[in-house]
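The values are calculated or read from the model by the stated rules, or taken from the named source; none is laboratory data. What you see is a predicted model, and the numbers here were worked out from it, not measured in a lab. Virtual Cβ from ideal backbone geometry, glycine too; neighbours counted across all protein chains shown. Just the protein is used for accessible areas: all its heavy atoms, side chains included, with ligands, DNA and RNA removed. Shrake-Rupley method; radii C 1.70, N 1.55, O 1.52, S 1.80 Å.
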Amino acid sequence: VDNMKVLIADQINQKGIEELEEVAEVVARTDITPKELVKDIKDFDAIVVRSRTKVTREVIEAAPLLKIIARAGVGVDNVDVEAATERGVMVVNAPESTSVTVAEHTMGLVLAMSRKIALADKSVKEGKWEKSRFMGMELNGKTLGIVGMGRIGSQVVIRAKAFGMDIMVYDPYITPEAAADLGVEVVDLETLLKNADVITIHVPLTPETKHLISLPQFKLMKENAIIVNCARGGIIKESDLYEALSSGEIAGAALDVYETEPPKENPLLELDNIVLTPHIAASTSEAQRDAAIIVAREIKKVFQG
Ligand code: NAD
């Protein structure tokens with residue numbers, strides 16, 4: 001274990017760094033450039049990243065000592081897993097660390113839309129008092145459609161039930177036991193889209209889920225429907241969402257993730273019936289601390305054999 005070196009390439013929580021310092025020399029270079037990374041990675045046994053640093057094939061092939069690549073977050077989008085696997089380098093992440101935090105952000109976006117909070121805030125700050133403009137929709141008794149009931153979807157179920165919502169789930173891979181445990185009704189996607197007042201997406205982005213929600217799906221939804229995406233950009237087809245929102249096919253949307261991040265020259269930015277956040281659903285200090293600790297422990301395990 002002595003002499004092991006860990007490169008911290010993106011800012012992570014101090015608690016994770018402290019865990020790593022128990023077993024290794026930890027070097028924090030959170031402003032390292034892609035060029036410097038390719039040059040300097042040769043000295044390191046492990047690298048920790050969040051979203052900024054890309055661990056490309058070039059980086060991996062320049063790293064003879066590298067044993068483990070850790071992403072202190074959910075998903076490994078910024079790691080060339082194929083190149084890592086070819087070289088026997090382990091790739092780990094912390095998928096469970098942010099589930100509650102993302103579910104809370106999801107509920108925040110649902111409420112922001114159902115009560116028009118962002119628009120109302122803007123209006124009051126402009127010196128206006130437009131009470132009738134901001135008539136809302138009560139969530140109690142409404143149907144929430146959850147697309148994808150994994151770690152985050154399950155946390156959303158618990159919170160939405162506390163709001164008195166009825167839950168419909170579309171997830172072809174969920175077991176009957178898991179559905180029964182959470183007390184949710186499992187339906188096909190069409191049934192969910194036709195019946196839900198609020199729809200929230202919690203599937204990974206895969207060839208199967210790319211543009212899963214496009215114009216034909218928007219056309220099935222209720223006119224009062226609100227859709228939320230805190231999963232990944234590209235699951236909702238943005239040009240079709242724009243059409244659905246501007247033609248009144250649905251009432252509103254809230255996005256934390258985009259087909260291109262940050263969204264550039266995106267017409268969605270000009271609409272009033274959409275609330276947008278900059279990919280912050282997982283950004284709480286609690287979630288980031290847990291992610292750092294989880295990946296630090298994974299690295300320790302690898303170093304200690
Ligand atoms: P998970 O793997 O626990 O759950 C995903 C669920 O989707 C599973 O139950 C799976 O059966 C289901 N699923 C897969 N393909 C499907 C399909 N074609 N149709 C319907 N259901 C399908 O994942 P999770 O931890 O709950 O995360 C869900 C998503 O949230 C991921 O895409 C993740 O990247 C994203 N996420 C975003 C943020 C953020 O900052 N906005 C943070 C964390 C996670």
Take the range 205-219 and flag every residue that is under 21 Å from Met149 (Cβ atoms), of a type outside the set (A, V, I, L, M, F, W, C) and open to solvent by 50 Å² or more (accessible area, probe 1.4 Å).
-> Pro207, Glu208, Lys210, His211
Close pairs (9 angstrom Cβ cut-off, 6 or more residues apart or separate chains): more than 14 Å from the ligand (Cβ to nearest atom) in the range 280-299, open to solvent by 50 Å² or more (accessible area, probe 1.4 Å) and not acidic (Asp, Glu) anywhere = Arg289/Gln14; Arg289/Lys15; Ala292/Gln14; Ala292/Lys15; Ile293/Lys15; Ala296/Lys15; Glu298/Met90; Ile299/Lys67
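Applying the selection to the range 94-115, what residues are part of a helix (DSSP H, G or I) and either within 14 Å of the ligand (Cβ to nearest atom) or among the basic types (Lys, Arg) (or both)?
First, the residues of the range 94-115 that are part of a helix (DSSP H, G or I): 99-114.
Scanning the range 94-115 gives Ser99, Val100, Thr101, Val102, Ala103, Glu104, His105, Thr106, Met107, Gly108, Leu109.
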Of (1) over 23 Å from Gly234 (Cβ atoms); (2) in a strand (DSSP E or B), Val91 satisfies all except one. Which?
-> (1)
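Output the number of residues of the range 125-166 satisfying the condition of being assigned to a loop (DSSP other than H, G, I, E, B) and either within 11 Å of the ligand (Cβ to nearest atom) or without any contact (Cβ under 8 Å) to a residue 60 or more places away in the chain (or both). Can you show your working first?
In the first step, residues of the range 125-166 are kept if they are assigned to a loop (DSSP other than H, G, I, E, B); the result is 126-130, 135-142, 148-150, 163-165.
With either within 11 Å of the ligand (Cβ to nearest atom) or without any contact (Cβ under 8 Å) to a residue 60 or more places away in the chain (or both) added as a condition, the list becomes 126-130, 135-136, 138-142, 148-150, 163-165.
Residues in the range 125-166 being assigned to a loop (DSSP other than H, G, I, E, B) and either within 11 Å of the ligand (Cβ to nearest atom) or without any contact (Cβ under 8 Å) to a residue 60 or more places away in the chain (or both): 18 in total.
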Taking Asn229 and the conditions (1) within 16 Å of the ligand (Cβ to nearest atom); (2) modelled with pLDDT of 95 or more; (3) within 25 Å of Gln11 (Cα to Cα), which numbered condition does it fall short on, given that it satisfies the others?
-> (3)
Tally time: how many residues in the range 169-204 are closer than 20 Å to Ile250 by Cα, open to solvent by less than 40 Å² (accessible area, probe 1.4 Å) and out of contact with any Ser or Thr (no Cβ under 6 Å at 6 or more places or on another chain)?
-> 8
Can you name the residue in the range 220-255 that is in contact with a Pro (Cβ under 9 Å, 6 or more places away or on another chain) and farther than 17 Å from Leu269 by Cα and is also surrounded by the most Cβ atoms within 10 Å (Cβ to Cβ) among such residues?
-> Ala231
Does Leu66 satisfy the criteria of being over 25 Å from the mean Cα position of the chain (by Cα), buried (at least 21 other Cβ atoms within 10 Å of the Cβ) and closer than 26 Å to Arg151 by Cβ?
-> no
All but one of (1) part of a helix (DSSP H, G or I); (2) within 7 Å of the ligand (Cβ to nearest atom); (3) more than 16 Å from the chain's Cα centre (by Cα) hold for Pro172; which doesn't?
-> (1)
Got a sec? Which helices (runs of 4 or more DSSP H) wholly within the range 1-73 have at least 3 residues that are of a type in the set (Asp, Glu)?
-> 14-21
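Could you grab me the full set of residues in the range 78-99 that are in contact (Cβ under 8 Å) with a residue 60 or more places away in the chain and surrounded by fewer than 20 Cβ atoms within 10 Å (Cβ to Cβ)? Give the steps one after another, and end with the answer.
Initially, the range 78-99 is screened for residues in contact (Cβ under 8 Å) with a residue 60 or more places away in the chain, giving 90, 92-94, 96-98.
Hits for the range 78-99 are Met90, Glu96.
If the requirement is being at pLDDT below 95 and of a type in the set (S, T, N, Q), which of these qualifies: Thr200, Thr175, Thr191, Thr143?
Values: Thr200 fails: at pLDDT below 95; Thr191 fails: at pLDDT below 95; Thr143 fails: at pLDDT below 95.
Selected residue: Thr175, the only one of Thr200, Thr175, Thr191, Thr143 that is at pLDDT below 95 and of a type in the set (S, T, N, Q).
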Would you check which residues across the range 103-138 are within 30 Å of Ser154 (Cα to Cα) and basic (Lys, Arg) and list them?
-> Arg115, Lys116
Quick one: how many residues across the range 191-226 are within 10 Å of the ligand (Cβ to nearest atom) and of a type in the set (S, T, N, Q)?
-> 2
Could you say whether any residue in the range 36-49 is within 16 Å of the ligand (Cβ to nearest atom) and open to solvent by 70 Å² or more (accessible area, probe 1.4 Å)?
-> no
